[in-house]
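These notes are about the structure you will find just below.
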Amino acid sequence: MKQNAKTELLSSAPIPKALLAMGIPTMIGMLVNALYNLADAWFVSGLGESQVGAIAVVYPLGQLVVGLGLLFGNGASSYISRQLGRGDLDQANRAAGTALYSSLAVGAAAVAAALLFLTPLLRLLGATDSLLLYARAYAGIYILSCLFGVFNVAMNNIVTSEGAAKTTMLVLLTGAALNVALDPLLIYGLGWGIAGAAAATALAQMISTCIYLWYAASGRSLFRLRPQDCCFSREILSEILKIGVPTLAFQLLTILSIALTNHTAGRYGDAAIAGLGVVTRLMSVGSLTVFGFLKGFQPLAGYSYGAGRPDRLREAIKTAAIWSTAFCMLFGGGCALFAPGIVSRFAGESAGMLAVGVKALRLNCAAFILFGFYTVYSFLFLALGKGREGFFLGACRQGICLLPLLLLLPPVWGVDGLLYAQPIADLLSAAIAGCMAVRLHHGLKQIRSGSPLR
């Protein structure tokens, strides 16, 4: 009964209803999560331009945390959904336990290494002499919270894969609300400055972890999530890693692209680093909203594929692509229209930061219209267990297409070359996704309904 109640939405609900029920909670949670990241930048902007630049430098470390959690959480999520579609709860439970405890072990090692090599790491991420002191103050606390962050990201994916999207939303909303409430108190009320922003994030992550632990211990989950449930079998590890490694690679490429952007922007001063850092966080509000919605789409796609129901899968793909594209058009158009007013909230008296931020925001918004379509297929290939295709497509936007442009355009166009690199990469990535989508749909037409897919 417990399993039927959890999986009924994935197996038999109308596609629009299933997408809304699965996607809206995770979308709201990730949207609020993005907003509290933006709130960090807004509260810190009252301290000065260099402090805003410092959190922009540290931002890629958060992406690394997400990547380590996704290495196991997202890798397991795809496999779990397909196993639930086949009715194999025991194997799904073993995969969930293996993913969770593996993420904790790897996360602990990464935190220790980051603290040991903190200053060289910050330099590598683009910290200038004027930013380094602030970046160290922020990163020293923030990195300690990363172990909780890795656990939360892994649990987010595991819980979503079993159809409990509302629990994920609750955790993300609670963490976001706490972070926003604690930021002004710790930064200004207690006078901790930029370290207060990091402490607020750490406390919010700890509370989120406590909620997930309560959920697992209460028996509400399909999975037991006990250490003894870990099973490092060849099948489970290969299934987790063939999806998780491409996802981690995508996050590493994101870190590399941000680091290269910061290094290049550093030639034009701290205002350029700060301006682009604000735009990155602003655009993350839109991108994480899309990611959140499509995190609900992923288990639906994986379940339909695992259950041998290509018609239901095709309908889910079409609906997700239309809805996500409509959102991207509204978000991109709104941000482009009100770009000066939005960026000025973070720029304060810095004219240089305002000029860079407004132009970069408008350029990114123009290309963002295609982001939903591209992301649907990036997520889809991974949901179907097609790790090679998912890796290639996921690597396009922040790696294969972007990194060469970051190296080639600024020497020719100066700061404009830096600002145009991401939008051009977005256009190229969407074109590649279109070509791969045509081939995928041709393959789905050859599948007979009714037999579980391997």
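Structure above, values below:
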| quantity | calculated |
| --- | --- |
| Carbon/sulfur fraction of accessible area - the chain, other protein chains in place, 1.4 Å, % | 68 percent |
| Relative contact order [Cα under 8 Å, 6+ residues apart], the range 329-454, whole percent | 25 percent |
| Shape category assigned to the range 195-352 from the gyration tensor of Cα positions, a/c cut at 1.5 | prolate |
| Nearest-20 debye value, the chain charge dipole, Cβ charges on Lys, Arg, Asp, Glu | 1340 debye |
| Listed residues GLY357, SER284, VAL343: farthest to the positive end of the dipole of the range 244-358 (Cβ charges) | SER284 |
| Modelled FRET efficiency - R0 30 Å, TRP214 with PHE338, Cβ distances, 0.05 increments | 0.15 |
| Around VAL415: net Lys/Arg minus Asp/Glu count, Cβ-Cβ under 10 Å | +1 |
| Accessible area in square angstrom per residue, the range 146-305, 1.4 angstrom probe | 34 Å² |
| With Cα atoms, 0 to 90° folded angle of helix 194-217 axis to the chain main axis | 10 degrees |
| Mean ellipticity per residue at 222 nm, deg cm²/dmol - from DSSP H runs of n ≥ 4 across the chain, formula -39500 (n - 2.57) | -29000 deg cm²/dmol |
| The range 194-244 - charge dipole about Cα centre, Lys and Arg +1 at Cβ, Asp and Glu -1, debye rounded to 20 | 80 debye |
| Phi to ³J(HN,Hα) by Karplus 6.51 cos²θ - 1.76 cosθ + 1.60 over the range 259-276, Hz, x for Gly, Pro | 4, 5, 4, 5, 4, 5, 5, x, 5, 9, x, 4, 4, 5, 4, 5, x, 5 |
| Modelled FRET efficiency - R0 35 Å, PHE232 with LEU144, Cβ distances, 0.05 increments | 0.80 |
| Entries of LYS295/LYS386; LYS17/LYS318; LYS166/LYS242; LYS295/LYS318; LYS166/LYS445 with Cα pairs more than 26 Å apart | LYS166/LYS242; LYS166/LYS445 |
| HN-Hα J in Hz across the range 321-334 - Karplus 6.51, -1.76, 1.60, θ = phi - 60°, x for Gly and Pro | 5, 5, 5, 5, 5, 4, 5, 4, 5, 5, 5, x, x, x |
| Estimated FRET transfer efficiency when R0 is 25 angstrom, pair HIS441-ARG388 (beta carbons, to 0.05) | 0.90 |
| Estimated distance in nm for a label pair at ALA109 and SER130, the labels positioned 7 Å out from Cα along Cα-to-Cβ | 4.0 nm |
| Answer label for volume of the Cα convex hull per residue in Å³ (calculated), chosen among (i) 124; (ii) 162; (iii) 139 | (i) |
| Most to least accessible of ILE322, ILE207 (protein chains only, probe 1.4 Å) | ILE322, ILE207 |
| Mean accessible surface per residue for the range 40-145, computed with a 1.4 Å probe while every protein chain stays in place, in Å² | 32 Å² |
| Inter-label distance for ASP88 and ALA181, nm, one decimal - labels placed 7 Å from Cα along Cα-to-Cβ | 4.4 nm |
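The values are calculated or read from the model by the stated rules, or taken from the named source; none is laboratory data. These figures come from a predicted structure and were not determined experimentally. Cβ atoms come from the backbone with ideal geometry, glycine included; neighbour counts cover every protein chain shown. Ligands, DNA and RNA are stripped out before the accessible areas are found, and what is left, the full protein with its side chains, is counted by its heavy atoms. Shrake-Rupley method; radii C 1.70, N 1.55, O 1.52, S 1.80 Å.
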